[in-house]
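A.B. asks: Below you will find the structure I want to go over with you.
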Amino acid sequence: MAKIRGSIVVNVERCKGCEVCMVTCPTGTIAMAKEVNGKGYNYAFPANPELCIGCANCAMVCPDGVITVYKTKI
Amino acid sequence: MVEYSGIKEIIKPVNLVYKKSEIMTENTLSYCPGCGHGTAHRILAEIIGEEGLQSEAIGVSPVGCSVFMYNYLNIDWQEAAHGRAPAVATAIKRLLPEKFVFTYQGDGDLAAIGTAETIHACNRGENILIIFINNGIYGMTGGQMAPTTLPGMKSSTSPYGRDVRTMGYPLKITDIVATLPGSYYVTRQSVHTAANVKKTKKAIRKAVQYQKLNKGTCLVEIVSNCPSGWKMTPVQANKWMEENMFPYYPLGDLKTPEE
């Protein structure tokens, strides 16, 4: 069976660390970084990239549109 | 641009599923973290892009948190005085009837100071789309009580909670508009989860298409959050909204055109 793999790109400097994407992610791919970005927010990043299925839920709820999603079948 | 990405091999233009709309400008949004305004802006931008309305659309921005909305969507804009967006949009639509004219207003703008303009524009059946963001509070000025504030809800001007005996009941202006003969499509949605974002996008797309028929006013209410005004984290605010706002402001279509 073909497996669907996804990948996200987070524009770290524009992330405001609201955690809405982390809560909505069905696979637990996203976590908040311990480091902060230039604005002082703990930004979102794909902590478990191998779990991503490219559903784009995170990108759809992100208020600042910082997430770009890619998806492919392997 | 500093980026943090997942598996590098998948990141190719051919695999792209979701990207911020081209209509959105590169300006950073001025909203607080987790604010529903950003999501609503993005949905609107996506629909304007997908329907090919970039050169046709004229937005009227309100007074409130979204006052700088003209900085974020790369279309034509007009700024209106507080609450007067439907009146300004009426004028624009009557002078330029081939354009797609919409207003984007918060609850303080649409349901408080602009109640008269809203009700009369809808009653006249002006061919405009009104997008109404309802977060039950005056977010921009520091969380004062709005007409849409829930009973018992604390705000900076009702620190013991809204007492309905002295402060009245929350105003369901969308329900009022739905009873008017001039309104064509009235619905209430939210943008806090991916499923709701999809539903809202569908509703706004429908409203945009109804505008082309020139049948009357369309109003899309988006029940949203205000993490700063409610003094909660964005995730808590979304949960609080589900538990408290939705029973009072139930989601769904309030008026659909007769087929």
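A short reminder: the numbers here are calculations on the coordinates, not readings from a lab. Just so it is clear, the structure is predicted and the values come from calculations on it, not from any experiment. When we count neighbours, we look across all protein chains shown, and the Cβ atoms used for this are built from the backbone with ideal geometry, even at glycine.
A.B. asks: When segment A:55-64 is examined, which residues are found to be within 11 Å of the chain's Cα centre (by Cα) and assigned to a loop (DSSP other than H, G, I, E, B)? Explain how you work it out, then say what you get.
C.D. replies: The first filter runs over segment A:55-64 and keeps only residues within 11 Å of the chain's Cα centre (by Cα), leaving A:55-62.
Hits for segment A:55-64 are A:C55, A:A56, A:C62.
A.B. asks: May I pose another question? Looking at segment B:222-259 only, could you name the residues that are aliphatic (A, V, I, L, M) and free of Cβ contacts under 8 Å to residues at least 24 places away in the same chain?
C.D. replies: Filtering segment B:222-259 down to residues aliphatic (A, V, I, L, M) leaves B:222-223, B:232, B:235, B:237, B:241, B:245, B:251, B:254.
The one that is aliphatic (A, V, I, L, M) and free of Cβ contacts under 8 Å to residues at least 24 places away in the same chain: B:M232.
The rows are residues; the columns are (1) more than 12 Å from chain A (Cβ to nearest Cβ); (2) crowded, with 17+ Cβ neighbours inside 10 Å; (3) part of a loop (DSSP other than H, G, I, E, B); (4) touching a residue at least 60 places away in the same chain (Cβ under 8 Å).
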{"position": "B:E22", "(1), (2), (3), (4)": "no, no, yes, no"}
{"position": "B:T28", "(1), (2), (3), (4)": "no, no, yes, no"}
{"position": "B:C32", "(1), (2), (3), (4)": "no, yes, yes, yes"}
{"position": "B:I43", "(1), (2), (3), (4)": "no, yes, no, yes"}
{"position": "B:E46", "(1), (2), (3), (4)": "no, yes, no, yes"}
{"position": "B:Y70", "(1), (2), (3), (4)": "yes, yes, no, no"}
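A.B. asks: Okay, moving on. In segment A:16-56, what count of residues is obtained for those that are among the hydrophobic types (A, V, I, L, M, F, W, C), more than 7 Å from chain B (Cβ to nearest Cβ) and either surrounded by 15 or more Cβ atoms within 10 Å (Cβ to Cβ) or in contact (Cβ under 8 Å) with a residue 40 or more places away in the chain (or both)? Steps first, answer last, please.
C.D. replies: Taking segment A:16-56 first, the residues among the hydrophobic types (A, V, I, L, M, F, W, C) are A:18, A:20-23, A:25, A:30-33, A:36, A:44-45, A:47, A:51-53, A:55-56.
From what is left, the residues that are more than 7 Å from chain B (Cβ to nearest Cβ) are A:21-22, A:25, A:30-33, A:36, A:44, A:47, A:51, A:53, A:55.
So of that shortlist, the ones also either surrounded by 15 or more Cβ atoms within 10 Å (Cβ to Cβ) or in contact (Cβ under 8 Å) with a residue 40 or more places away in the chain (or both) come out as A:21-22, A:25, A:30-33, A:44, A:47, A:51, A:53, A:55.
The number of residues fulfilling the criteria is 12.
A.B. asks: Counting only residues that are under 16 Å from the mean Cα position of the chain (by Cα) and assigned to a helix (DSSP H, G or I), how many does segment B:48-68 have?
C.D. replies: 5
A.B. asks: Mind listing whichever residues of segment B:81-112 are surrounded by fewer than 24 Cβ atoms within 10 Å (Cβ to Cβ) and in contact with a Pro (Cβ under 7 Å, 6 or more places away or on another chain)?
C.D. replies: B:A112
A.B. asks: Considering only segment B:225-246, state which residues are in contact with a His (Cβ under 8 Å, 6 or more places away or on another chain) and within 10 Å of chain A (Cβ to nearest Cβ). Reasoning before the result, please.
C.D. replies: Pass one, segment B:225-246, residues in contact with a His (Cβ under 8 Å, 6 or more places away or on another chain): B:225, B:238, B:241-242.
Once the filter is applied, which keeps residues that are in contact with a His (Cβ under 8 Å, 6 or more places away or on another chain) and within 10 Å of chain A (Cβ to nearest Cβ), segment B:225-246 yields B:N225, B:N238.
Let's see how each residue does on (1) more than 14 Å from every other protein chain (Cβ to nearest Cβ); (2) free of Cβ contacts under 8 Å to residues at least 12 places away in the same chain:
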residue: B:Y169; (1), (2): yes, no
residue: B:I173; (1), (2): yes, no
residue: B:T187; (1), (2): yes, no
residue: B:S190; (1), (2): no, no
residue: B:A195; (1), (2): no, yes
residue: B:A203; (1), (2): yes, no
residue: B:Q211; (1), (2): yes, no
residue: B:G216; (1), (2): yes, no
residue: B:V220; (1), (2): yes, no
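A.B. asks: List the helices (runs of 4 or more DSSP H) that sit entirely inside segment B:145-259 and contain at least 3 residues that are within 17 Å of the chain's Cα centre (by Cα) and farther than 18 Å from B:A111 by Cβ.
C.D. replies: Values: elements: B:164-167, B:173-179, B:194-213, B:227-230, B:234-240.
Here the list reads B:194-213.
A.B. asks: When you check B:G59 against the structure, is it more than 14 Å from chain A (Cβ to nearest Cβ) and without any contact (Cβ under 8 Å) to a residue 60 or more places away in the chain, yes or no?
C.D. replies: Values: more than 14 Å from chain A (Cβ to nearest Cβ): yes; without any contact (Cβ under 8 Å) to a residue 60 or more places away in the chain: yes.
Judged against the criteria, B:G59 is a match.
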